[in-house]
Amino acid sequence: MPNEPKLFDDTPQWVCLECGYNMIGEMPDVCPFCGARHDHFLPWDEAEKTYRVTSRPVNDCVDQMLSVPKLGLEHAAYRIETEQGAIWIDSPSAFNRDLAPVQAILFTHHHFMGASNQYRKLWNAEVRMHDLDARHPLAASFDVDLRFTGDSIAYGIEAFHTGGHTPGFTFYIYRDVLFICDYVFLTDAGMRFNPFGPEQETLLRARRIFEVVETRKLETVCGYNSVMKFAEWLPRFEKLANSS
């Protein structure tokens, strides 16, 4: 299309097929997130041809977004239709230029910023992340327009900074939906914390998460790659948060 903005100018970008991390600039020998070798990388435009970001409805205003086929460890992103416009919680790892635009991308943490730099440029979308995570080397190549601190409300979405899994980890609530990302994983035995973070700090900050959500009238929890009823999720999380 003649009026389509140039996405990178002369800057290459690579997608790790093991974890979904996007690397901007000269191709490294190994992925800075998962350590996979460069023969497991695809140029972003080749990845766009292979991986389609696919949505499925969570409720009447939230969709879950994942790449098909699955792109490594990529976690789900979520699209929210707010009264102030469409917003993403986190970003898909694959770039698909035909997706419907959003006004902003709100990040839970810095581990998977996906192709947010490309979507930001294509749509002039605002990127928000807690300052403590925006400082991390994994986020250094990505543009963050607003580095927030503490709790806040934007686009009608409540943001709660807890830290724990990462220093800037932030969970979100919109109406009756909790967006907890990969702070915890569902298992056959119930639930476990994300092991890629400080164990004791993750446990400590989980108790703050529980204090915030236990009295809220929530219906749905949107996680790493799962959607679950809050009434089923909460007792599992309470048991985990009270473990030692």
Inset, instruction - Among the candidates Pro28, Pro69, Pro57, single out the residue that is of a type outside the set (A, V, I, L, M, F, W, C), closer than 20 Å to Pro137 by Cβ and at pLDDT 95 or above. - result: Pro28
Inset, instruction - Evaluate the range 49-62: report whether one residue or more is of a type in the set (A, V, I, L, M, F, W, C) and part of a loop (DSSP other than H, G, I, E, B). - result: yes
Legend entry - Unmet requirement for Ala189, which otherwise passes all of (1) open to solvent by 40 Å² or more (accessible area, probe 1.4 Å); (2) hydrophobic (A, V, I, L, M, F, W, C); (3) touching a Cys at 6+ places or on another chain (Cβ under 6 Å): (3)
Legend entry - Elements of type strands (runs of 3 or more DSSP E) in the range 116-184, at least 1 residues being free of Cβ contacts under 8 Å to residues at least 40 places away in the same chain, touching a Phe, Trp or Tyr at 6+ places or on another chain (Cβ under 8 Å) and surrounded by 18 or more Cβ atoms within 10 Å (Cβ to Cβ): 126-130, 157-161
Legend entry - Qualifying residue in the range 217-225 (condition: out of contact with any strand residue (DSSP E or B) (no Cβ under 7 Å at 6 or more places or on another chain) and small (Gly, Ala, Ser)): no
Legend entry - Filter result (closer than 24 Å to Glu83 by Cβ and within 15 Å of the chain's Cα centre (by Cα)) within the range 162-193: Thr170, Phe171, Tyr172, Ile173, Leu178, Phe179, Ile180, Cys181
Inset, instruction - Give Ala104, Ala94 a once-over and let me know the one that is open to solvent by less than 20 Å² (accessible area, probe 1.4 Å), touching a helix residue (DSSP H, G or I) at 6+ places or on another chain (Cβ under 8 Å) and of a type outside the set (Phe, Trp, Tyr). - result: Ala94
Legend entry - Identity of the residue in the range 40-71, within 18 Å of Trp88 (Cβ to Cβ) and without any contact (Cβ under 8 Å) to a residue 24 or more places away in the chain, that ends up most open to solvent (accessible area, probe 1.4 Å): Asp60
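The values are calculated or read from the model by the stated rules, or taken from the named source; none is laboratory data. Here the structure is a predicted model, which is why all the values come from computation and not from measurement. Using ideal geometry, Cβ is built from the backbone for each residue, glycine included, and neighbour counts are taken over all protein chains shown. Protein only, heavy atoms only, side chains kept; ligands, DNA and RNA dropped before computing areas. Shrake-Rupley method; radii C 1.70, N 1.55, O 1.52, S 1.80 Å.
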